[in-house]
Amino acid sequence: MNIRLLYLTREPFPTFRVDVATLFGRYLPGFGVYSDIVAVQEGNVGECAWEAGGAFTRTARGRWGRIRARLMLALDLFRLARADYSAVQVRDRIVGALIGLWAARLRGKPFYYWMSFPFPEYWAERGSPDPSGLVGTGRRLLFRLRGRFSAWLLYRRVLPAADHIFVQSDAMRMLLESHGLPAARMTPVPMGATIPDRLDDIPPADDPRLAGRRVIVYLGALERARRSEVMIEAMAAVRDEFPSALLVCVGDAEEVIERRWFDGLVGQLGLQDHVLFTGWLPGEEARRYLRNAEIGLSPCARTPSLEVASPTKVIEYMAWGVPVVANDLPDQAYLIGETGGGLCVPLTPAGFAAGILQLLRDPEAARRMGEAGRRAIPGLRSYEVIARNLAEKYRQLVGGEAR
């Protein structure tokens, strides 16, 4: 039995998010689950293929253009849901989810919500006092109001009426249970990775700045909310023992003011020759830096919004045979414990420095950890396994609705 979803996403189309582009776009169709994606298309990106089905988009330019396009796409669901879909699914949209719920009910279809991140908790955190002064008083007030309204709408109106909720982790399911939602209507779908068949066939990054260096890699966004500065501060102690060590941050801050803060921290610590920011790179190009790396880092604060996360970077490091140094965020600690693919350390500069130094001092032990992670991670987090299990869940849900 094939399943066809009408899928409204928060991310623009085409998206870099692997749990949309890879899981829904590449793997689920192989198990008979197709999706027509509904999303904003920003700028002049031209025609984009969506092999899992059709793509219904509206072009947007600028902030207000995006807001208008997002609203119109949500309203489009009333028209689009007339077609022969197994269900309407909305990912991380909140007002859009309410509209999607109405559209599904009007057309007599099940409604599923996909929650990859707890935005109400995140906005509430952004509204809390900010000692750094990077976020002004007025903006913090807007974040607090947005957090309260979105929490009321999502947890009191949308999710109680949803036929099923897909969450990012067991910890996120527990968060939603605390809002009175039944565990039986939730399915955790953690982040995964595409596992390269042969690492030797993938060339390292062709970056002359890495020549002769002991490379430590961080893939992803730089955010003070995640405590990304911990790994930079750790490099001061690492540099003293290993002058050739280089932390390569493959990614960037979302906001210019925050990137300037990280640049300032590097200068303040005198680490200009030991920390490299590449900026955002295409996925395949970014992952090539893992072929140069001895260690992969994943610092992530245990805040209410991040506690329930399932960081992709730890899985990707292990898939590429790179030993991990990460703190005890629940999903990270679980993966390291299950695979033996790295070290779990305190989220402090001293903790990360100790983990990095332990692996740099003993390359053979680091190599064994990398190999252990690469052996174990496919059975835990390959998208082949995740897609097979998710497709079976959709069949159970659709079959139950049909009965």
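The values are calculated or read from the model by the stated rules, or taken from the named source; none is laboratory data. This structure is a prediction, so every number in the text was calculated from the model and none was measured. Note: ideal-geometry Cβ built from the backbone for every residue, glycine included; neighbour counts use all protein chains shown. Remember, those area values only see protein heavy atoms, side chains included, never the ligands or the DNA or RNA. Shrake-Rupley method; radii C 1.70, N 1.55, O 1.52, S 1.80 Å.
Tabulated values for the structure
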item: Among the residues listed as P330, P311, P378, P363, the single one being of a type outside the set (S, T, N, Q), open to solvent by 30 Å² or more (accessible area, probe 1.4 Å), touching a strand residue (DSSP E or B) at 6+ places or on another chain (Cβ under 8 Å) and in contact (Cβ under 8 Å) with a residue 60 or more places away in the chain; result: P363
item: Complete set of residues in the range 206-222 that are under 21 Å from D362 (Cα atoms) and assigned to a loop (DSSP other than H, G, I, E, B); result: A211, G212, R213
item: The lone exception for P203 - which of (1) free of Cβ contacts under 8 Å to residues at least 40 places away in the same chain; (2) open to solvent by 30 Å² or more (accessible area, probe 1.4 Å); (3) assigned to a loop (DSSP other than H, G, I, E, B) it fails; result: (1)
item: Qualifying residue in the range 193-200 (condition: over 30 Å from L390 (Cα atoms) and either out of contact with any Pro (no Cβ under 9 Å at 6 or more places or on another chain) or at pLDDT 95 or above (or both)); result: yes
item: Residue match in the range 339-350 (condition: of a type in the set (S, T, N, Q) and in contact with a helix residue (DSSP H, G or I) (Cβ under 6 Å, 6 or more places away or on another chain)); result: yes
item: Selection within the range 253-303 - of a type in the set (D, E), at pLDDT below 95 and either open to solvent by 50 Å² or more (accessible area, probe 1.4 Å) or touching a Phe, Trp or Tyr at 6+ places or on another chain (Cβ under 7 Å) (or both); result: E254, E255, E284, E285
item: Residue among L153, L175, L145 that alone is more than 23 Å from A391 (Cα to Cα), touching a residue at least 60 places away in the same chain (Cβ under 8 Å) and not β-branched (V, I, T); result: L175
item: The range 6-30, residues that are assigned to a helix (DSSP H, G or I) and either free of Cβ contacts under 8 Å to residues at least 60 places away in the same chain or surrounded by 18 or more Cβ atoms within 10 Å (Cβ to Cβ) (or both); result: V18, D19, V20, A21, L23, F24, G25, Y27, L28, P29
